[in-house]
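Down below is the structure, laid out as structure tokens.
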Amino acid sequence: MFISFEGLDGCGKTTQVELLEAYLETKEIEFVATREPGGTVLGEQLREIVLHGDKISPWAEVAIFAAARAELVEEVVEPALERGAIVISDRFVDSSLVYQGVARGLGIEEVLQLNLHTTKGLLPDRTFLLLVDEKLSEARVGEERDRMERESAAFRRQVEIGYRQLAEMFPERIVVLDGTQPRELIARQVRQALEDAGQL
Ligand SMILES: Nc1ncnc2c1ncn2[C@@H]1O[C@H](COP(=O)(O)OP(=O)(O)O)[C@@H](O)[C@H]1O
Ligand SMILES: [Mg+2]
């Protein structure tokens, strides 16, 4: 089972990954948690470039995220899935579709095509999309911001619109949750959706 969490900065992805990890630990279910970009030696180096480097042209940005993702699939995701572990990723391909495909205007389909090659067609089985508006996102993101987090309110709005569009494109895979609810309530909804899918 491959699970990803998506949504604007500050929507609660990392919080929910941690709550799910804690739950799986109590159940003694094997899992591997990772984050994007990163999760491998090469991926963390690319993370540094893409989140903390200077200006990057749009397709170069797509390619860097895709390279980090290719490495993650090869080194972490595939081996874990092969031995039957649950994989939880804090962001995955949908982030590229929305941030680069929609907000940077490169096209969802175009960015998806490139990504499907690099990930060998792998998509999450379930994606939890935590919806918050750009104002709450802005308020929850702290003072220290990376290159993506420094983007404008208009950019965030595009991202939010893009995520809603994706949820309509992939209704079976993407579970939309209200990210403004209390964190424990969201965690219960995540567990319920996984139980309903026969995964817990
Ligand atoms: N459901 C929630 N309600 C209120 N605050 C939350 C909730 N989920 C997360 N937060 C807080 O919002 C901030 C961003 O959460 P985080 O999980 O780091 O988001 P992300 O990983 O999506 O950027 C943190 O300070 C976190 O404690
Ligand atoms: Mg986070």
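Every number here is computed from the coordinates shown, using simple stated rules; none is lab data. None of the values given here were measured: they were computed from a predicted structure. So basically every Cβ, Gly included, is an ideal-geometry build from the backbone, and we count neighbours across all protein chains shown.
When the range 2-196 is described by a simple charge dipole with +1 on each Lys and Arg Cβ and -1 on each Asp and Glu Cβ, the residue from GLN189, LEU116, GLY179 located farthest towards its positive end is GLY179. Annotation: lysines with alpha-carbon distance below 24 angstrom to LYS13 (same-chain offsets under eight excluded): LYS27, LYS135. Separation of the range 90-115 and the range 1-78, taken as the distance between their Cα centroids, equals 15 angstrom. Identify all aspartates and glutamates with a Cα-Cα distance to LYS55 below 16 Å; exclude those on the same chain that are fewer than 8 residues away in sequence. Straight-distance partners of LYS55: ASP146, GLU149, GLU151.
A helix-only calculation puts the chain at -15000 deg cm²/dmol for mean residue ellipticity at 222 nm, using -39500 (n - 2.57) for each DSSP H run of at least four residues, averaged over all residues.
Restricting the calculation to alpha carbons of the range 22-63 gives Rg and Dmax of 15.2, 45 angstrom. Against the empirical curve 2.2 N^0.38 Å, the C-alpha radius of gyration of the range 84-200 lands at a ratio of 1.12.
Selection among GLY12, PRO79, VAL32 by position relative to the dipole of the chain gives GLY12 as farthest towards the positive end (Cβ unit charges, Cα centre).
With R₀ fixed at 25 Å, the C-beta to C-beta distance from ARG140 to ARG164 puts the FRET efficiency at about 0.85. For the chain, dividing the convex hull volume of the Cα atoms by the residue count gives 113 Å³ per residue. When you filter the GluC sites (Glu not before Pro) in the range 28-85 for DSSP loop state and at most 14 other Cβ atoms inside 10 Å of their Cβ, you are left with GLU28, GLU30.
The trypsin sites (Lys or Arg not before Pro) of the range 1-81 that DSSP puts in a loop, and whose beta carbon has at most 12 other beta carbons within 10 Å, are LYS27, LYS55.
Electrostatic tally near ALA70: other residues with Cβ closer than 13 Å to its Cβ, Lys and Arg +1, Asp and Glu -1, net -3.
Think of each Lys and Arg Cβ as +1 and each Asp and Glu Cβ as -1; about the Cα centre, that makes the dipole of the range 2-196 roughly 360 debye.
Neighbours of LEU129 by Cβ distance under 9 Å: Lys/Arg scored +1, Asp/Glu scored -1, total -1. Dipole of the chain computed with +1 at Lys/Arg Cβ and -1 at Asp/Glu Cβ about the Cα centre; of TYR163, LEU129, GLN45, farthest Cα towards the positive end is TYR163. Annotation note: trypsin sites (Lys or Arg not before Pro) in the range 114-177 located in DSSP loop regions with a Cβ neighbour count of at most 13 within 10 Å are LYS120, ARG145, ARG150.
Taking amide H atoms as placed 1.01 Å from N in the peptide plane, the amide H of PHE128 lies under 5 Å from those of SER4, PHE5, GLU6, VAL175, each 5 or more residues away in sequence or on another chain.
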